[in-house]
Every structure is written in C-alpha cells, then in structure tokens.
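Take a look at the structure set out below.
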C-alpha cells in the first residue's frame, strides 16, 4: 500500500510503498477513502524537517540540553550517532481520516465491517486505529465533510475549556482552518464572534459564516475593534487559534477581555506573559490539549479504557461524535473550507501548496481502481536478493529505535549475513530501516517469517510481552533464536521455554545480554579470572526516572524495569564471577502512591563465595554517569566507568584502558551471534546461565511486587 511520510532529517515528503498493517486487538482495520492535510501541524513538521541543524536546535532548546548532557556522560561519538539516527527516520503524516471498516479486532464493540468511520489515522491506504479514536459517520454526512471532524474537535475542546454561554461575546484570533471551524462552533452555541486575521479572503469567509471579522492586513487596530464589538465592556473570552512566534496574541487577548475573562490557547504562539496583563482583571489562561480528555493516555487510546460519562462528559471520542452530529444537523458547514482536492498519486503536489497562502482545506482522495488484495499485501519487496547462499539468513521482529540505532548498524557490519525480512507493526520503520540496511523484504506479518525456509536465524526485538511467544514459535520452527532481554515475563513462560530448548537439537537460543561482550568487560573478566579468591562486585545504575505511564512500566506490556532492564546487570555480575547464583535478595525504596517501583538494591550470592550488589536507582541526576561497576578481589580493584574506561589498582601490568566513545558490546555481540550460526556452535551466552539469570530476576520481581 502507499503511505505519506515525512523525513525529519531533510524535510523530504515521501509517497512510500509499505506493507499493510494487520488488525490488532481493540483496533479497527480501515480502508481509507479521504484524508485532510492539517495546515498547522503538518506545515510545522515540514518546516522543521527542512531547517538546518542549527534551526532544529533553536526550535528545541530542551533537546539541545539533553544532547549536551549525553555528550558529557556517554561521549561525543555515541551522542552524534544517536542524534543522526533519530533524525534519519520518516514519520507518518496525517491525523484526519475517513474510511470503511475492513476488519474488526478482538474486543471491539459497536462497529462492523462496512461501517463508514472517522478516525485520527494517517495518510495511508489501509490503517489500523484503536476503537476510541474512531467514530461512526451519520448517513447524512458526506466523506468530504466528515474528514474535517478531527480538526473541528481541536477547536471544540478549546471551546469546552472556555465554557461559553448563550449570548456571550468571543474573539477568535487566527482564521485558519481550525479558527474558521471554531467560529462556527461558537455560533452554534449562541455566541457572537469577532474574528481576527491578516488574510482578507479568510476574513470574508468568516463573515459568511456569521462572524464579525477584522482584516489586520489593512492596519486595523484589533483592540479598538474588540472594544467596539464588546460595546466597551470587554469580551467574555478569546480563543487563540493562530500560529506565530509573536507574544502579541496573548497580550492583545488580555487587553480585550473583561474582568475575569477567559483566554484559551488552541494554536501555537509566543508565551512570554506579562503579569500586569492578568493581575488586575484576574484573567484565566489555559492551554487546550488537542481534541479532548483521553489524548496521550495509552490506557484510553491504545487499551480502550473509556472514561465514565458521569465523570468525564466529553472525551476526545465524544467530541468526534458531537462534531459529526452538528454536521448531520447542518450547523457545521465544511464545503466552503475545502480549497483543494488531489488524488493520492498527486500527494507530493498537494504538499507543495501547504504554506503557499492559497490553501485552506486540502483533501486527499484515496479512491482507487486497485484490487483490495493488492493493497492488503503485508510483505513488500525492498530490492533484489543479495545474500543468497549466506550461512546466516536473518529475519528480525521489531524495528524500533533501539533496533534502528544500535542493533542493525552492528549486524550490518558482519560479513556473510543475508538480511531477509524486517518486521514492524505498522510497516513504516521496517521499510525505512530495511532499505537502509539491505533487507530483501519489509513486513507486518510475523507468520510469514516462521514458515520461511530461507530464514535460519530469528531475532526477536519486540515489546517484552511478545518475547516468550515469539521465541517459542521460532524454536519450534527450527530457527536459531536471538532475543533481546528480557527472555520472558513470567516463571511459567520460562519453564515452557526451558522445556522446548531441551527438546530442540538443531538450533540455539541466545539472550541479548550485550554487556558481556564489551571490550572493557572482556578485559575485566580476563583480569578477574586470574584470581582464585572470591570477588565482590558493586554495580551502580543511575537509571533515571521514566514516567509511570511508559510502556516499560506497564506490568502487562513491559513488566517493569527490574524485569526489563535490571536483568542485564544481574547477568553481568554472573559473568564476572563465573559462578552459579545461589542466593538473591531485594530491598526497595517505597514509592509514593502511583509511582513506579524502580529504585531498589539487589544482593547476590554465588557458589564460589563471591558476592555482588546491584544498585538500580531512578532517583539520581542525569549529570552523573549511568553505569559503573567496581570489583574487589585479593587486594586489587577494577573500576568500569560507563563502558568508556576501565581502571585498575594493584594489578601487575595493568592500570587503565580506554575505548573510543561508549562501547556496550553490541558490535561484538552481533559478531558472536553470526559466528555461532556459521560454525554451528552453541549460544555465545550459555543458555543455562540465561535461564538462571531470568529465574532469579522473575523471582525478585515477585518479591518486589509483594513489598511495595
């Protein structure tokens, strides 16, 4: 299928061929008929992409601070690679979509195949959208009108925050697409509206929709116009739907308002506020968040957990429905707002009109003579097969940031590897990274990978809750399996994997405990191996805080940070001591209510008498290095600093070792994986040790859940 993408690095707009998504639980699979280009959001992304690195830095000063901090802790080379990788990614454009339901996911109610629906899906021929971001379109509403629903809901949410009442007087600053829709919504609630803009045609259009409009391009004074409009009493409120870096819209809004007036920011403007503007009138100022309650809440949007109507009357979905009902009643007119319509194959031409000053509502028509079966292809070819006959043929499940920034560049440096198939949920990242790293196919269908006889090595790099299932399917299909940590999320899953591995003779399982392979770790291990005395290890992790609503903190999806990340450090201690873990205990900082359980200390005992402590702390400071390992043995000390340097005290012939940048062992890990497959060796990370580490990790997680 075709999808419109935006390259953040160079600003290029792409009409790309990507595999179609499959339906997921709680989602609808939709065949697109019409989409609307958002002149505000999409123009901002286009301008950002086309800007120089200096321009990008100016627009995101907070990100610049993060980059500079990363340089201090991780080194310049590592930071530059991370920034370049982040910018070298296309993102889907669009969030106003009208289409027809093709499939209904498990657990979805209220929709059926053939329903005409509105959603916030992107510009793509087939989309998969959560049910709470979809709404049925009434029979009397055309596709051309319905496609304006999402942007209308943005204006409607601003109005709900302003709480207008019948007869009140409001100013709408900025008569772009959202501004003109906001004018109509205010008029539908019985308000008088004054519209302000520098575009003469948009002012005329606002007048035709029932507003009083002032064309600022003529030099008209907006404050004087507002005073006349409000008969000297001040307006009841101002909705700012403009996009400008100027602070004037907020300052002028304060001047226009009556005492205790309301100012709602829907657009993007300068926010250097002056206290005097608000103090004497006791004005309220609020920023509106997109299309309503539920936005950016994964529990609502992705998991389908609705807010009770009695407590949250207007969610984003209910705002969609309210807009559609207004359209059905003829109270929201969109035909006059449509300035252009293009066929999908003219999409790049359509984007050339964005920001031209002539555009308002730009529609894309997805109606096509192509067969639906063609559109529904979930595997697309990226190029000629170039690695046929290679000893290692790889299929990778997952194409997220870690895969794109770290694993694929490391794997691509290995010789004798056939890059067969790269799989991602939406197909965008797998297509981008697949082309970049020489994969033959991009896919959204995992089933095809397991049955592909040309693949002998499966790499599982998906979200944590999928690991066990995908590992088991890979092993049962006779593939060598590499899985990013964690191996699984429950003891029952671990037991099942152990059973299958014991029955599997033709392939191996390798868990991605990469830190074992770091050149500094290998040197550290070689020095410690000379000693016969027990070792004492302290591993300190300045993990940093992650919001509680991040997927890694979700017990069902990520398993929490102990399972998802701390298993790394338990394994590293197991590697350094070279001995079986015989005891493990955990103590934790009691979190405040609602906060994640991610500050804890783990104590390990080993069969050879060694001991280790892993301090995993999320309550530190980013200015401090993330990881540090200190080993004590027989009057000697080794100190590993953030995988950038290793220092020794008391060692004959060794005092210090440094590497360029930060080297956590990913390159060497991929080399070991490839070599093992080529030579028919066992897993470079002994599977018995991986099982041992995961069993203690999962048991500690259960203890942590019980104590917090």
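Mind telling me which of the residues 661, 650, 706 ends up being surrounded by fewer than 16 Cβ atoms within 10 Å (Cβ to Cβ) and closer than 23 Å to residue 626 by Cβ? Walk me through how you get there before you give the answer.
Numbers: 650 fails: closer than 23 Å to residue 626 by Cβ; 706 fails: closer than 23 Å to residue 626 by Cβ.
Going through 661, 650, 706 in turn, just one is surrounded by fewer than 16 Cβ atoms within 10 Å (Cβ to Cβ) and closer than 23 Å to residue 626 by Cβ: 661.
Looking at residue 612, is it under 15 Å from residue 537 (Cβ atoms) and surrounded by fewer than 15 Cβ atoms within 10 Å (Cβ to Cβ)? Explain how you work it out, then say what you get.
Working: under 15 Å from residue 537 (Cβ atoms): yes; surrounded by fewer than 15 Cβ atoms within 10 Å (Cβ to Cβ): no.
Against the criterion (under 15 Å from residue 537 (Cβ atoms) and surrounded by fewer than 15 Cβ atoms within 10 Å (Cβ to Cβ)), residue 612 does not qualify.
Return the residue satisfying two criteria in turn: it lies in segment 410-435 and is touching a residue at least 60 places away in the same chain (Cβ under 8 Å) and in a helix (DSSP H, G or I), and of such residues it is farthest from residue 678 (Cα to Cα).
Within segment 410-435, the match that is farthest from residue 678 (Cα to Cα) is 428.
Taking segment 436-467 on its own, how many of its residues are over 28 Å from residue 679 (Cβ atoms) and modelled with pLDDT of 95 or more?
Of the residues in segment 436-467, 7 are over 28 Å from residue 679 (Cβ atoms) and modelled with pLDDT of 95 or more.
Within segment 379-409, track down each residue that is exposed (fewer than 15 other Cβ atoms within 10 Å of the Cβ), not in a loop (DSSP other than H, G, I, E, B) and not assigned by TED's automatic domain parsing to the domain that holds residue 453.
Scanning segment 379-409 gives a single hit, 381.
Please count how many residues of segment 653-677 are modelled with pLDDT of 95 or more and out of contact with any helix residue (DSSP H, G or I) (no Cβ under 9 Å at 6 or more places or on another chain).
Here the count works out to 5.
Residue check: is residue 442 touching a residue at least 40 places away in the same chain (Cβ under 8 Å), assigned to a strand (DSSP E or B) and within 23 Å of the chain's Cα centre (by Cα)? So that I can check it myself, show each step before the final result.
On the way: touching a residue at least 40 places away in the same chain (Cβ under 8 Å): yes; assigned to a strand (DSSP E or B): yes; within 23 Å of the chain's Cα centre (by Cα): yes.
So residue 442 passes the test.
Against the condition at positive phi and either free of Cβ contacts under 8 Å to residues at least 12 places away in the same chain or crowded, with 21+ Cβ neighbours inside 10 Å (or both), how does residue 252 come out, does it pass?
Details: at positive phi: no; either free of Cβ contacts under 8 Å to residues at least 12 places away in the same chain or crowded, with 21+ Cβ neighbours inside 10 Å (or both): yes.
Considered against the rule, which asks whether it is at positive phi and either free of Cβ contacts under 8 Å to residues at least 12 places away in the same chain or crowded, with 21+ Cβ neighbours inside 10 Å (or both), residue 252 comes out as no.
Tell me which residues, restricted to segment 222-232, are assigned to a loop (DSSP other than H, G, I, E, B) and either exposed (fewer than 12 other Cβ atoms within 10 Å of the Cβ) or outside the structural domain of residue 197 (by TED's automatic domain parsing) (or both).
Let us first name the residues in segment 222-232 that are assigned to a loop (DSSP other than H, G, I, E, B), namely 230-232.
Hits for segment 222-232 are 231, 232.
Identify all residues within segment 505-533 that are surrounded by 16 or more Cβ atoms within 10 Å (Cβ to Cβ) and part of a loop (DSSP other than H, G, I, E, B); write none if there are none.
507, 508, 512, 513, 518
Taking the options 580, 556, name whichever one is touching a helix residue (DSSP H, G or I) at 6+ places or on another chain (Cβ under 9 Å), surrounded by fewer than 16 Cβ atoms within 10 Å (Cβ to Cβ), within 27 Å of residue 462 (Cβ to Cβ) and modelled with pLDDT of 90 or more.
556
Checking residue 418 against (1) on the phi < 0 side of the Ramachandran plot; (2) at pLDDT below 95, which single condition isn't satisfied?
(2)
Of all residues being closer than 16 Å to residue 167 by Cα and free of Cβ contacts under 8 Å to residues at least 60 places away in the same chain in segment 233-249, which is surrounded by the fewest Cβ atoms within 10 Å (Cβ to Cβ)? Just the residue, please.
Among residues in segment 233-249 that are closer than 16 Å to residue 167 by Cα and free of Cβ contacts under 8 Å to residues at least 60 places away in the same chain, the one surrounded by the fewest Cβ atoms within 10 Å (Cβ to Cβ) is 233.
I need a count of the residues in segment 114-136 that are under 19 Å from residue 37 (Cα atoms) and more than 24 Å from the chain's Cα centre (by Cα).
1
Test each condition in (1) in a loop (DSSP other than H, G, I, E, B); (2) touching a helix residue (DSSP H, G or I) at 6+ places or on another chain (Cβ under 8 Å); (3) more than 19 Å from residue 698 (Cα to Cα) for residue 544 and report the one that comes out false.
Exception for residue 544: condition (2).
Results for (1) in contact (Cβ under 8 Å) with a residue 12 or more places away in the chain; (2) farther than 30 Å from residue 299 by Cα; (3) buried (at least 19 other Cβ atoms within 10 Å of the Cβ), shown as yes or no for each residue.
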{"residue": "545", "(1), (2), (3)": "yes, no, no"}
{"residue": "560", "(1), (2), (3)": "yes, no, yes"}
{"residue": "568", "(1), (2), (3)": "yes, no, yes"}
{"residue": "599", "(1), (2), (3)": "yes, no, yes"}
{"residue": "616", "(1), (2), (3)": "yes, no, yes"}
{"residue": "625", "(1), (2), (3)": "yes, yes, no"}
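Filter segment 140-156 down to the residues that are surrounded by fewer than 22 Cβ atoms within 10 Å (Cβ to Cβ) and modelled with pLDDT of 95 or more and list them by number. Let's see the steps before the verdict.
To start, the set of residues in segment 140-156 that are surrounded by fewer than 22 Cβ atoms within 10 Å (Cβ to Cβ) comprises 140, 142-144.
Within segment 140-156, 142, 143, 144 qualify.
Identify all residues within segment 364-402 that are over 30 Å from residue 36 (Cα atoms), over 24 Å from the mean Cα position of the chain (by Cα) and at pLDDT 95 or above; write none if there are none.
Selection gives 392, 393, 394.
Across segment 445-465, which residue is surrounded by the most Cβ atoms within 10 Å (Cβ to Cβ) among those that are part of a helix (DSSP H, G or I) and free of Cβ contacts under 8 Å to residues at least 40 places away in the same chain? Full working, then the answer.
To start, the set of residues in segment 445-465 that are part of a helix (DSSP H, G or I) comprises 447-450, 464-465.
Subsequent filtering for residues that are free of Cβ contacts under 8 Å to residues at least 40 places away in the same chain retains 447, 450.
Numbers: 447: 11, 450: 17.
Per the stated criteria, the residue is 450.
Only one of (1) farther than 24 Å from residue 133 by Cβ; (2) in contact (Cβ under 8 Å) with a residue 12 or more places away in the chain fails for residue 295. Which number is that?
So the condition that residue 295 fails would be (1).
What helices (runs of 4 or more DSSP H), lying completely within segment 23-138, carry at least 1 residues that are touching a strand residue (DSSP E or B) at 6+ places or on another chain (Cβ under 7 Å) and at pLDDT 85 or above? Give the steps one after another, and end with the answer.
On the way: elements: 41-50, 53-59, 61-74, 76-87.
No helices (runs of 4 or more DSSP H) qualify here.
How do the helices (runs of 4 or more DSSP H) wholly within segment 274-367 filter down when requiring 2 or more residues that are buried (at least 16 other Cβ atoms within 10 Å of the Cβ) and outside the structural domain of residue 111 (by TED's automatic domain parsing): which remain?
Numbers: elements: 275-279, 298-301, 316-328, 347-352.
Passing ranges, in order: 275-279, 298-301, 316-328.
The values are calculated or read from the model by the stated rules, or taken from the named source; none is laboratory data. Predicted, not measured: the structure shown is a model, and the values here were computed from it. Reconstructed Cβ throughout: ideal geometry from the backbone, glycine too, with neighbour counts over all protein chains shown.
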